[in-house]
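The values are calculated or read from the model by the stated rules, or taken from the named source; none is laboratory data. What you see is a predicted model; the values in this text were computed from it and never measured. Heads up, the Cβs are rebuilt from the backbone with ideal geometry, glycines too, and the neighbour counts pull from every protein chain shown.
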Amino acid sequence: MTSTITIDLAGKTAAVTGSTQGIGLAIARRLRDAGADVVVNGRNPDRVERVAAELGEGARGIAADVTTAEGAAQLIEAAGDVDILVNNLGIFGSTPALEIDDEQWTRFLDTNVVSAARLIRLTLPAMMQRGWGRVLNIASDSAVVIPEEMIHYGASKSALLAVSRGFAKAAAGTGVTVNSVIAGPTHTEGVEDFVYEMVDKDLPWDDAQREFMKTARPQSLIQRLIEPEEIANMVTYLASPLASATTGGALRVDGGYVDSILP
């Protein structure tokens, strides 16, 4: 006798922040493919609507700046009952440790941590009342292996792991799960720019990627950048009923970059 594992999110509404490109877009697409009604979010109305139209049936766009209380409230009010919240929005960049000023610290923490906590606060009570829900926070290997060149980013992602664990405890026994996904070095447009900050700008992309992984991320066991779809696969599983016993966790899709035998 054989059985098939199917991820069916029909009837669920998923809101994905920062989903007009990169990892967020891949997550939105994968959730839509699994049957969820997906809310695409970003700050640029034209781009949000274009991406939602490209995703087609089952996707709609809501432009809002969720780094502000007003924008977060606008998104959740327009989205309606959110069953799956994916806090994907995040900023990163390299700055020598002693040159990271107060403004940068504040901006990274507000964008990468406070905005996620705010959206969880706006959606979690209704999920708990309904007895089902999923919150996924997209973290980074930098939360565990703090890069010297961007400790403000690493610290913000470490805090996001704590946010995930704490809210999972708040939702204990309700049927709602809260997890974080530790994404490893991933191939996105923004990361391409970052790679070229770290290696010779005249190198072809394939050579630049190999050089970056060799010199800046040698711990990677797959020895390549991760594709956004690979992150989306984990998120979609965790968003599904199949992951009902997984909560409060920090699950890695990092290509083996973090040298640990624990998830």
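Listed values, structure above:
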| item | result |
| --- | --- |
| Only listed residue being in the same structural domain as N112 (by TED's automatic domain parsing), crowded, with 22+ Cβ neighbours inside 10 Å and not hydrophobic (A, V, I, L, M, F, W, C), chosen from G35, G42, G56 | G42 |
| Search result, residues across region 194-206 that are free of Cβ contacts under 8 Å to residues at least 12 places away in the same chain and surrounded by 14 or more Cβ atoms within 10 Å (Cβ to Cβ) | L203 |
| Scope region 120-141; condition assigned to a helix (DSSP H, G or I), surrounded by fewer than 24 Cβ atoms within 10 Å (Cβ to Cβ) and not β-branched (V, I, T); matching residues | R121, L122, L124, P125, A126, M128, Q129, R130 |
| Elements of type helices (runs of 4 or more DSSP H) contained in region 185-263, each with 3 or more residues being closer than 28 Å to G133 by Cα and not hydroxyl-bearing (S, T, Y) | 228-238 |
| Selection within region 94-136 - under 30 Å from V199 (Cα atoms) and touching a Leu at 6+ places or on another chain (Cβ under 9 Å) | T111, N112, V113 |
| Residue match in region 148-164 (condition: closer than 28 Å to L85 by Cα, of a type in the set (S, T, Y), more than 16 Å from the chain's Cα centre (by Cα) and modelled with pLDDT of 95 or more) | no |
| Criterion violated by V16 - all others in (1) at pLDDT below 95; (2) of a type outside the set (S, T, N, Q); (3) closer than 25 Å to R118 by Cα; (4) touching a Leu at 6+ places or on another chain (Cβ under 8 Å) satisfied | (1) |
| Among (1) touching a Gly at 6+ places or on another chain (Cβ under 9 Å); (2) buried (at least 17 other Cβ atoms within 10 Å of the Cβ); (3) modelled with pLDDT of 95 or more - the single one P185 does not satisfy | (3) |
| Output for region 161-182, where each listed residue is assigned to a helix (DSSP H, G or I) and either in contact with a Pro (Cβ under 8 Å, 6 or more places away or on another chain) or free of Cβ contacts under 8 Å to residues at least 60 places away in the same chain (or both) | A162, V163, G166, F167, A170 |
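Here is a yes/no grid of residues against (1) surrounded by fewer than 16 Cβ atoms within 10 Å (Cβ to Cβ); (2) among the charged types (D, E, K, R):
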| residue | (1), (2) |
| --- | --- |
| G175 | yes, no |
| E192 | yes, yes |
| A208 | no, no |
| S240 | no, no |
